[in-house]
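Rule-based calculations on the coordinates, nothing more; no lab input. In this text, all values refer to a predicted model and were calculated from it rather than measured experimentally. All Cβ positions, glycine included, derive from the backbone under ideal geometry; neighbour counts span all protein chains shown.
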Amino acid sequence: MDVTNSPPALFPLVALVGPTAVGKTALSLRLAEEIHAEIINVDSLQVFRGLDIGTAKPGYEERQRIPHHLIDVVDIDEPFDASDFVRKAMGVIRSITSRGKVSLLVGGTGLYLRSLLEGLAPCPGCDPAIRGVLSEIHRQQGKGALHRLLSSIDPEAAARLHPNDTFRVMRALEVYYQTGEPMSIWQKRHRIKERQRLHCIKIGLTRPRRELYERIDARIEAMLDAGFLREVEDLLDRGYSPRLKPLQSLGYRHMILFLKKEISFSKAMAQMKRDTRHYAKRQMTWFRADPEIRWFYPETLMRAADIWKKIMDWS
């Protein structure tokens, strides 16, 4: 069967992934038009209302051009994790499929995509006693202490998590101390058991490191020009705590440190660019571990008259 000429309904799920600033948004719009798709956000921050400029959220015209889902679905003081994403995404996929359209999953949060396609690993729940001990270590020794501890017992999980991501670092430590097995082992075992629960064509976008880093720096400069600092000020003026997890994410925590006069603006910018580059590297490490992803240079596909045919020809 010639899949390049098959009806889009034969491919109910297509994923477009890659690191931040690689060019996913522009390509996703063209690809969605070509394969008759609606876009499902797979970015863990774009789900939050009010985090617009700092998350490079698609604008009004882009969302008018192609229907987007799972953007602006919760307030930043509401909990939202991978299980919430999977539950909501499954409902959206059913709705899109019922209309005869393709679901195009677009974003850089690898955990959300993997949880959707392969299910969530059945790890034990929170243990208040262990959580209390870890919280005390965090309080006394600082946020880097927990990440160093995780690196010693589960270096694979630690490599995927930023030291500032206290919630996920603590969760990985909880699993280890409850079961004696690293979180990464739980996840691998579950992936083998639940492999290909949902069929998905996976497309990855990549660029040379220097080019990607230049794009990251340019995006951050553009965010500031677009009013990113004012966005952060508005969120704090509305009474949101700077300790909320979404406000401790890339960019937001840096602007908050500047607004609290803890660092200079130039230092906030430098740290934001550095940390974003490190995040992009971790994203690529995560996605490169998936052998099902087919990798492309974005401009190669953007220049293609028939993007989908080129993807299928190279698969």
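Below are the figures for this structure:
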read-out: Long-range amide H partners of Ala37 with built H, under 5 Å; value: Val102
read-out: Charged-residue dipole, Cβ positions (Lys, Arg, Asp, Glu), region 128-191 about Cα centre, Debye nearest 20; value: 160 debye
read-out: Relative contact order [Cα under 8 Å, 6+ residues apart], the chain, whole percent; value: 26 percent
read-out: Highest-fluctuation residue, Pro67, Pro79, Pro291 considered, GNM on the chain with Cα pairs under 10 Å; value: Pro291
read-out: Residue among Trp295, Ile216, Thr179 farthest towards the positive dipole end of the chain, charges placed on Cβ; value: Thr179
read-out: Net charge of neighbours whose Cβ lies under 13 Å from the Cβ of His147, counting Lys and Arg as +1 and Asp and Glu as -1; value: +4
read-out: Pairs from Lys101/Lys310; Lys101/Lys281; Lys281/Lys310; Lys88/Lys273 whose Cα-Cα separation, in the structure shown, is over 25 Å; value: Lys101/Lys281; Lys281/Lys310; Lys88/Lys273
read-out: Ranked list, fewest to most other Cβ atoms within 10 Å of each Cβ, for Arg139, Arg253; value: Arg139, Arg253
read-out: Among Pro208, Pro182, Pro298: highest mean-square fluctuation, GNM of the chain, C-alpha pairs under 10 Å; value: Pro208
